[in-house]
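> Let me give you the structure first, and then I'll get to my questions.
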């Protein structure tokens, strides 16, 4: 009985805490519409291409010349070996992908958001060099998607706070 009462009161408690959906209004909401107005600046390198593609996929492509914001991203991609056998061969690697990104207002050139995102992936180093390289490539693809998600969520939060002012 007590559990049932708690479940019935939970929506009231959540409503009072100030939480609300980031993407309220769905495709026609303020956040979704503004995210479609973000142009992603070219990011050099293969990893940059993957991150840029992930960002464009999540943001939507801004029609040429209509971007309200420009997203400038700098990446730091690193692989470090940390599992070592007696013969000094690496058995495990950590791939780290970090980004510093700036959301720049197109009209004024003012940086309105300057933040970082990052993630790590562990990779087993096996006797097959092909398998290890494939694992590294798969890891960077996952990491590109992960940091793109982090960036879009942070930009969405910025947009929500700006629209509430």
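Laboratory data are not the source of any read-out in this text; all were calculated from the coordinates shown. On a predicted model such as this, the values are computed, not experimentally measured, just so you know. Positions of Cβ are backbone-derived with ideal geometry, glycine not excepted, and every protein chain shown enters the neighbour counts.
> How many nm is it between the label spots at residue 72 and residue 33, if each spot is 7 Å from the Cα in line with the beta carbon?
With each label placed 7 Å out from Cα toward Cβ, I get 2.8 nm.
> Another one. Could I have the simple spin-label model distance between residue 92 and residue 141, label points 7 Å from Cα toward Cβ, reported in nm to one decimal?
If labels sit at residue 92 and residue 141, their model points lie 2.4 nm apart.
> Where the eigenvalues come from the Cα gyration tensor of region 23-164, what are the semi-axes √(5λ) of the equivalent ellipsoid, largest first, in whole Å?
Sorted largest first and rounded, they come to 35, 13, 13 Å.
> Given 0.36 nm per residue, what is the gain on full extension from residue 131 to residue 61 after removing their alpha carbon distance, in nm?
Taking residue 131 through residue 61 to full extension adds about 21.8 nm, to one decimal.
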